[in-house]
Amino acid sequence: MIRFSRASVTYPGGVHALRELDLEIGAGEMVVVVGLSGAGKSTLIRAINGLVPLTEGEVTVEGRSVTRATPRELREIRSRIGMIFQTFNLVKRTTVLNNVLMGRLHATPTWRALLSRYRPEDVEIAMQALERVGIVDKAYVRASNLSGGQQQRVGIARALAQEPRIILADEPVASLDPPTSHVVMRDLQRINRELGITTIVNLHFLDLARVYGERIVGLRGGRLVYDGTGAQADERVFREIYGRSLTADDVLEASPAA
Amino acid sequence: MTAAAATPVRSARPAKPRPSLAVPLGVLGFLVLTYWAASEEFGIGFDLPAILGDLTRGAGIIGEILRPDWTFLPATVEPMLETLQMAIIASVIGCATALPVSFIASRVTTPGVAAYFVGRGILNVIRALPDLLYAMIFVAAVSIGPLAGILALVFFNLGVVAKLLSETVDGVDQGPMEAARAAGANRALTIRTGVFPQILPNYVAYSLYVFELNVRASTVIGIVGAGGIGNVLNAQMKFFAYERVGVVIVELFVLVFVIELISIQLRRRLV
Ligand SMILES: Nc1ncnc2c1ncn2[C@@H]1O[C@H](COP(=O)(O)OP(=O)(O)OP(=O)(O)O)[C@@H](O)[C@H]1O
Ligand SMILES: [Mg+2]
């Protein structure tokens with residue numbers, strides 16, 4: 001349902017962040033993307049919802065071309081793709097509920113959203129999304145008053161409120177401590193399994209990638225260098241993806257998972 | 001672990017950057033400019049002792065102002081209310097217009113490069129003209145009266161608020177905008193949900209500030225006949241009726257003070 005065909009991204013300045021990538025991700029998969037800093041992980045994720053346009057090749061989502069979409073079509077494609085960010089990207093001054101309602105913008109008439117008069121059924125969807133990540137009691141609390149882990153769950157609820165077919169998560173646990181990282185990753189895993197939402201997660205840490213990645217995609221210098229199951233991805237594979245031996249910085253827990 | 005702590009890996013210390021010349025040059029430039037402005041030969045001939053001598057001449061006037069003639073109070077009520085009404089109307093129109101303009105004139109939210117430069121350019125022109133000049137223009141255009149004053153104040157407010165607000169928008173956290181865009185929101189809704197909540201406290205503060213400026217500016221623009229208490233003030237000054245001028249000054253002082261109290265309350269509630 002997500003297909004990259006010879007997809008390349010060259011940023012202004014000449015950095016080749018993706019090089020002729022061919023990749024297919026099926027409906028309902030949980031894919032973890034790994035690679036060194038600068039390998040192109042964020043670029044790959046952002047190409048799926050068109051936040052980063054391709055310079056060559058094509059990306060299609062559910063059979064529709066992201067690359068050739070008009071602005072209106074692009075908004076429509078995006079409405080079916082939830083996104084979760086490393087730094088949460090919440091409006092900190094406003095309530096948790098208002099943040100989650102951002103996920104309902106695509107279904108809300110402009111005048112309603114401008115006046116912040118969301119339909120009761122949209123508020124209900126937002127509340128259910130908060131229930132799913134276990135923080136509905138914080139609905140009317142200011143987002144800035146939440147802990148990092150709670151803020152990321154608001155981010156997940158915002159993505160869920162879109163009722164998406166796909167969720168993209170760009171290093172969702174990089175700003176969190178190890179126990180909280182596992183809580184958030186388990187939330188994503190549960191959402192993938194229970195709701196069948198295709199989930200693509202960028203991760204820095206190998207042990208997390210191996211635990212949660214049913215399928216692991218490895219990038220190096222913008223090229224696909226590994227595509228296989230998490231179980232197959234042993235230390236040798238990761239050394240190849242990283243192009244160097246592994247260090248304690250590559251794992252979340254103090255002792256290396258290998 | 002402990003061995004590593006005892007002999008930490010250290011890269012070579014960087015050389016201390018050379019001290020920048022910007023600060024001493026800036027101070028020097030400032031001193032030269034001040035001398036140029038104040039000196040006898042190039043500037044206005046600023047002479048402190050002479051000014052202090054001149055000030056005593058004003059003592060008589062100040063003495064009269066300090067003994068306000070309160071029987072004049074009833075005659076000032078209506079123009080004072082007119083000033084207040086002008087200030088309210090001008091603030092509402094000016095600040096409402098400033099909001100969309102500031103989004104166009106900010107790099108973060110502008111719909112395009114062309115719109116950005118046009119917006120900035122217009123704002124700079126609007127702000128380049130002082131409120132008194134606007135009053136003169138609109139008195140000429142729509143004749144003497146409060147309408148001219150309101151129009152002058154609207155432009156004055158638009159210039160101030162849109163400038164301050166567009167700079168506030170420049171500095172917002174762009175993460176929420178990205179989130180809204182990723183969720184399929186159009187430009188208007190991205191700004192409404194991702195930017196507006198972040199700038200709301202500033203917007204309220206700027207609006208209250210220009211409202212207060214309006215009350216004060218109305219005394220100046222009244223001089224050219226743009227309505228309100230300024231007309232009264234101007235007339236009494238012409239007759240050297242400083243006891244009456246004193247009444248107006250006290251009233252203005254109280255009014256500005258009350259506005260300040262109210263705006264402090266409003267801002268506290270919003271932060
Ligand atoms: N907007 C941009 N303009 C120019 N170059 C960019 C831009 N964004 C990313 N790059 C470059 O493209 C390359 C890939 O970046 P990308 O952010 O996709 O890597 P990443 O794998 O997500 O890295 P990290 O783990 O550090 O987040 C890097 O060399 C980066 O410097
Ligand atoms: Mg990245």
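The values are calculated or read from the model by the stated rules, or taken from the named source; none is laboratory data. Please read all numbers here as calculations on a predicted model, not as lab measurements. Cβ placement follows ideal geometry from the backbone for every residue including glycine, while neighbour counts extend to all protein chains displayed.
Scan the range A:62-91 for residues that are away from ligand 1 (no atom under 16 Å from the Cβ), more than 9 Å from every other protein chain (Cβ to nearest Cβ) and assigned to a loop (DSSP other than H, G, I, E, B) and the total you get is 7. Could you please give the count of residues in the range A:92-107 that are at the interface with chain B (Cβ under 10 Å from one of its Cβ atoms), more than 13 Å from B:P176 (Cβ to Cβ) and surrounded by 19 or more Cβ atoms within 10 Å (Cβ to Cβ)? The number of residues fulfilling the criteria is 2. Just one of the listed residues (A:V59, A:V32, A:V9) is near ligand 1 (Cβ under 10 Å from one of its atoms), out of contact with any Asp or Glu (no Cβ under 6 Å at 6 or more places or on another chain), part of a strand (DSSP E or B) and at negative phi, namely A:V9.
The helices (runs of 4 or more DSSP H) found wholly in the range B:29-139 and carrying at least 1 residues that are among the basic types (K, R) occupy B:48-65, B:113-128. Just one of the listed residues (A:N89, A:N145) is closer than 15 Å to B:P176 by Cβ and at pLDDT 95 or above, namely A:N89. Looking at the range A:12-34 only, could you name the residues that are surrounded by fewer than 18 Cβ atoms within 10 Å (Cβ to Cβ) and within 16 Å of ligand 2 (Cβ to nearest atom)? If the condition is that a residue be surrounded by fewer than 18 Cβ atoms within 10 Å (Cβ to Cβ) and within 16 Å of ligand 2 (Cβ to nearest atom), then A:V15, A:H16 are the ones that fit.
Counting only strands (runs of 3 or more DSSP E) that sit completely within the range A:158-238, those holding 1 or more residues that are of a type in the set (K, R), in contact with a helix residue (DSSP H, G or I) (Cβ under 8 Å, 6 or more places away or on another chain) and within 16 Å of ligand 1 (Cβ to nearest atom) correspond to A:215-220.
Among the residues of the range A:35-58, just one is hydroxyl-bearing (S, T, Y), within 16 Å of ligand 2 (Cβ to nearest atom) and over 22 Å from A:V211 (Cα atoms), namely A:T43. Inside the range A:17-29, residues that are within 9 Å of ligand 1 (Cβ to nearest atom) and small (G, A, S) make up a count of 1. Residues in the range B:213-241 that are out of contact with any Leu (no Cβ under 9 Å at 6 or more places or on another chain) and part of a helix (DSSP H, G or I): B:G230, B:N231, B:V232, B:N234, B:A235, B:Q236, B:M237, B:K238.
The test for being away from ligand 2 (no atom under 16 Å from the Cβ) and closer than 23 Å to B:N186 by Cα holds for A:V61.
Candidates are the residues of the range A:35-56 that are surrounded by 21 or more Cβ atoms within 10 Å (Cβ to Cβ) and assigned to a loop (DSSP other than H, G, I, E, B); the one that is nearest to the other protein chains (Cβ to nearest Cβ) is A:N49.
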